[in-house]
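Heads up: the structure comes next, in structure tokens.
The values are calculated or read from the model by the stated rules, or taken from the named source; none is laboratory data. If you're wondering where the values come from, they're calculated on a predicted model, not measured in any experiment. Positions of Cβ are backbone-derived with ideal geometry, glycine not excepted, and every protein chain shown enters the neighbour counts. All accessible areas refer to the heavy atoms of the entire protein, side chains included, with ligands and DNA or RNA removed. Shrake-Rupley method; radii C 1.70, N 1.55, O 1.52, S 1.80 Å.
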Amino acid sequence: MMTSPSLEDAQSVLASQPFSTMMGTKLSQYDDEGVTLELELTQHHLQQHGYVHGGVQCYLADNALTFAGGQKLGPAVLTAGVNLTYLRPAAGEKLIARASVQAATSRSAVTQVEISAIKDGQEYVCSVGSGTISTMRK
């Protein structure tokens with residue numbers, strides 16, 4: 001049975017992603033309960049109405065889902081598909097994506113994610129989704 005990487009190992013993987021570094025994403029949880037990614041919001045994350053751009057939420061969902069899948073499948077994984085539903089506009093100081101694995105085989109994992117925004121100290125769910133994560137072919 002494969003041993004899951006530690007939080008520090010996973011943080012190192014996140015730090016090696018130039019796009020995630022540019023976005024300012026932090027990995028705060030990586031354990032049997034799931035994965036939590038956090039993103040402190042700045043002006044460059046917003047769209048023209050002042051809400052978090054949907055692409056930012058989709059990026060965060062994609063990365064959280066893939067890290068969750070990687071817990072079961074190992075580090076050589078890619079996202080095979082993402083489905084994200086926007087429930088309400090995201091605004092505030094931070095986004096938090098919490099992802100976990102629903103089911104897995106030796107080659108793929110079905111994952112789920114919930115993204116919340118923190119605004120004025122209050123947390124609310126702004127989007128939910130799912131994804132399929134697959135091992136990379138050699």
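Observations on the model:
- Single match in Leu46, Leu27, Leu39 (criterion: open to solvent by less than 70 Å² (accessible area, probe 1.4 Å), touching a Gly at 6+ places or on another chain (Cβ under 8 Å), at pLDDT 95 or above and among the aliphatic types (A, V, I, L, M)): Leu39
- Residues that are under 17 Å from Cys126 (Cα atoms) and of a type in the set (Gly, Ala, Ser) occur in the stretch 61-71; there is at least one.
- The number of residues in the stretch 72-82 being more than 29 Å from Thr42 (Cα to Cα), in contact with a helix residue (DSSP H, G or I) (Cβ under 8 Å, 6 or more places away or on another chain) and surrounded by fewer than 18 Cβ atoms within 10 Å (Cβ to Cβ) comes to 1.
- When we screen Glu114, Glu123, Glu38 for residues that are free of Cβ contacts under 8 Å to residues at least 40 places away in the same chain and under 10 Å from the mean Cα position of the chain (by Cα), the only hit is Glu114.
- Conditions (1) open to solvent by less than 50 Å² (accessible area, probe 1.4 Å); (2) without any contact (Cβ under 8 Å) to a residue 40 or more places away in the chain; (3) more than 15 Å from the chain's Cα centre (by Cα); number of the one not met by Pro18: (1)
- Boolean, Thr85 is closer than 25 Å to Gln11 by Cβ, β-branched (Val, Ile, Thr) and surrounded by fewer than 17 Cβ atoms within 10 Å (Cβ to Cβ): no
- Look at the stretch 53-67: where a residue is crowded, with 24+ Cβ neighbours inside 10 Å and a partner is among the small types (Gly, Ala, Ser) and assigned to a helix (DSSP H, G or I), sitting 6+ places away or on another chain with Cβ atoms under 8 Å, you get Asn63/Ser20; Phe67/Ala10.
- Sole residue being open to solvent by 30 Å² or more (accessible area, probe 1.4 Å) and among the aliphatic types (A, V, I, L, M), chosen from Ala90, Ala103: Ala103
- Ala103 being over 21 Å from Gln48 (Cα atoms) and over 15 Å from the mean Cα position of the chain (by Cα): yes
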